[in-house]
Structures are given as structure tokens and as C-alpha cells.
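**Student:** Before anything else, here's the structure in question.
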Amino acid sequence: MTLHRWDLIFVPSDEKDRVGHPAIIVSPPDILGDPRQGRINVLVGTKKVRAETVKSHQVVLNGADGLEFPTLVNCALVYQVRKSSILRSAGSVSHARRGAIAVRLRAALGLG
């Protein structure tokens, strides 16, 4: 599987999780294309409950991004996952959401 920044993938939350959680790849191309690099950086999402309020460090993804349900992506915490743990690919984050994610990621991490 060829990986790209902004790909939407599913990764398990633990060893028993066969369905996984949606995650957005944020690693740079040189890391993604290097077979010696076994881990990548991702932002993880969880299913959004209707009444749940979107916080300043979150972005909502939906069908336009390849997901079946509204998903809150936490831009304040970057996870590292093994490339080998990816369960499946679900497409790519829409261009409209990429800017919002980048802004919230920079703000949450204090990068300007």
C-alpha cells in the first residue's frame, strides 16, 4: 500500500480491535516512502455523537472525506502508529478540511 499525507486510514486501538479508528496521515513523503521507517504520524478520529460539541482543537470529517459517519479528529495529539498496523485505507481528506486541520494542529501544538 502506497501512503500519502492526508490519506484516511483505519488503525486498531488495541490488539483485539479488528475494525479500527479512522486516522489521518500527517507524516512527510520521505518518511512515508522509506521502507526503513516502520512508524508514521497520524491524527486519530472518533465517531461524533449528535449532541457533542466540537472543540477548538477538533475538526469534523464526514462522507466528503470518505467516512460513513461524522467523525471528530483530535488535532491536539499526534499519534505514532506502525505502518504494518494499518487495517485499510478509506480515501483522502477533502481539500476543504486540510486547511482547517493544519490551522488547528499548529494552534494546538503552539506552532503559530
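The values are calculated or read from the model by the stated rules, or taken from the named source; none is laboratory data. In this text the structure is predicted, and so the values were computed from the model without any measurement. In this analysis, Cβ positions are derived from the backbone assuming ideal geometry, glycine residues included, and neighbour counts consider all displayed protein chains.
**Student:** Run down Ser85, Ser89, Ser13 and say which single residue is in contact with a His (Cβ under 6 Å, 6 or more places away or on another chain) and polar (S, T, N, Q).
**Tutor:** Of Ser85, Ser89, Ser13, the one residue that is in contact with a His (Cβ under 6 Å, 6 or more places away or on another chain) and polar (S, T, N, Q) is Ser13.
**Student:** State the number of residues belonging to segment 23-58 that are over 17 Å from Arg5 (Cα atoms) and either of a type in the set (A, V, I, L, M) or in contact with a Gly (Cβ under 8 Å, 6 or more places away or on another chain) (or both). Show your work before the answer.
**Tutor:** Restricting attention to segment 23-58, the residues satisfying the condition of being over 17 Å from Arg5 (Cα atoms) are 36, 46-58.
In the following step, the residues that additionally are either of a type in the set (A, V, I, L, M) or in contact with a Gly (Cβ under 8 Å, 6 or more places away or on another chain) (or both) were identified as 49, 51, 54.
Summing the residues that are over 17 Å from Arg5 (Cα atoms) and either of a type in the set (A, V, I, L, M) or in contact with a Gly (Cβ under 8 Å, 6 or more places away or on another chain) (or both) in segment 23-58 gives 3.
**Student:** Please enumerate the residues belonging to segment 23-44 that are closer than 12 Å to Tyr79 by Cβ and buried (at least 17 other Cβ atoms within 10 Å of the Cβ). So that I can check it myself, show each step before the final result.
**Tutor:** Initial filter on segment 23-44 (closer than 12 Å to Tyr79 by Cβ): 23-27, 39-44.
Ala23, Ile24, Ile25, Val26, Ser27, Ile40, Asn41, Val42, Leu43, Val44, listed by residue number.
**Student:** Restricted to segment 1-11, and to residues that are modelled with pLDDT of 95 or more and not charged (D, E, K, R), which residue is surrounded by the fewest Cβ atoms within 10 Å (Cβ to Cβ)? Even if it seems obvious, please write down each step before you answer.
**Tutor:** Taking segment 1-11 as the starting set, the residues that turn out to be modelled with pLDDT of 95 or more are 3-11.
Checking the rest, the ones that are also not charged (D, E, K, R) come to 3-4, 6, 8-11.
On the way: Leu3: 16, His4: 12, Trp6: 17, Leu8: 23, Ile9: 23, Phe10: 18, Val11: 19.
Looking at residues that are modelled with pLDDT of 95 or more and not charged (D, E, K, R), I get His4.
**Student:** Can you list the strands (runs of 3 or more DSSP E) found entirely within segment 19-112 that contain at least 3 residues being at negative phi and not hydroxyl-bearing (Ser, Thr, Tyr)?
**Tutor:** Working: elements: 21-25, 39-47, 58-61, 71-82, 88-92.
The strands (runs of 3 or more DSSP E) meeting that bar are 21-25, 39-47, 58-61, 71-82.
**Student:** Consider segment 1-18. How many of its residues are aromatic (Phe, Trp, Tyr) and not in a loop (DSSP other than H, G, I, E, B)? Give the derivation first.
**Tutor:** Here is the first cut: in segment 1-18, the ones aromatic (Phe, Trp, Tyr) are 6, 10.
Next, only the ones that are not in a loop (DSSP other than H, G, I, E, B) stay: 10.
Summing the residues that are aromatic (Phe, Trp, Tyr) and not in a loop (DSSP other than H, G, I, E, B) in segment 1-18 gives 1.
**Student:** Report the residue count in segment 65-89 for those that are exposed (fewer than 11 other Cβ atoms within 10 Å of the Cβ), polar (S, T, N, Q) and closer than 11 Å to Pro22 by Cα.
**Tutor:** Residues meeting the conditions: 0.
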